[in-house]
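Quick note: the coordinates plus some simple rules give every number you see, no bench work behind them. Small disclaimer: the values here were computed from a predicted structure and weren't measured. Because the Cβ atoms are built from the backbone with ideal geometry, glycine has one as well, and the counts that use them run over all protein chains shown.
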Amino acid sequence: MSLTTASSLDGGLISSVCRTYGGPSTDGWYTRTRADGGEYSAVVDHPALPGALETTGVRICRGAAVDLADQWAFFDDLAPAAAFVHAGRMSNMRASWDLFEAAEVRAFCPEHRCEEAALLLGRQVHENLEIHGLVARFAATLPEVPDAQVTR
């Protein structure tokens, strides 16, 4: 993505992910982390998530994100993310396992000459009943395995 082919997002133009999401916001979102060796240039609380988009310069995927003590896992849907959270909470790991509706924004940064990504966090999903419903929805999508193929 070049500065001359900036794409519209959130009512403004983004010329690079790091410049758009890496600094302080006046748009009502809060930057949780900035680029420091992680996969994302920024992770921001962003109440109004943008819709999915794929253009020459910008790709936005909608889905869900799980916070693993500032390591982030992104999923294309809430149901598998909820199953991941549910399994994690039953493990011996002490990570946070917070679940969010999310969008992942990826674009080529002409300044840094690489693809950059930002993770935008929407509504946090924390009600056990909702998480259990999402886990059940995910389990319903799994193919049945015949008893003869099950190893014990």
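For the reader, a short list of remarks on this structure follows.
- Protection proxy ranking of 52-59, 79-86, by the mean of other Cβ atoms within 10 Å over each peptide's residues and highest first, is 79-86, 52-59.
- Pairwise label distance in nanometres, Cys61 with Ala139, each label 7 Å out on the Cα-Cβ vector: 2.6 nm
- Phi to ³J(HN,Hα) by Karplus 6.51 cos²θ - 1.76 cosθ + 1.60 over segment 112-122, Hz, x for Gly, Pro: 9, 6, 7, 6, 10, 9, 10, 10, 9, 9, x
- Projected label points at Ala48 and His126, each 7 Å from Cα along the beta carbon direction, are separated by 2.5 nanometres.
- Calculated from backbone phi, Karplus (6.51, -1.76, 1.60) coupling profile of segment 50-56 in Hz, x at Gly/Pro: x, x, 4, 7, 9, 10, 4
- log₁₀ of I(q)/I(0) at q = 0.11, 0.12, 0.16, 0.20 Å⁻¹ - segment 49-147, Debye sum with one point per alpha carbon: -0.40, -0.47, -0.74, -0.98
- Label point distance in nm, Asp76-Asn92, each placed 7 Å from Cα along Cα→Cβ: 3.5 nm
- 3J(HN,Hα) along segment 78-87, derived from phi through the Karplus expression 6.51 cos²θ - 1.76 cosθ + 1.60 where θ = phi - 60°, amounts to 5, 4, x, 5, 5, 5, 4, 4, 4, 5 Hz, with x in place of Gly and Pro.
- Under-5 Å amide H pairs with Cys109, H placed in peptide plane, nonlocal only: Cys114, Glu115, Glu116
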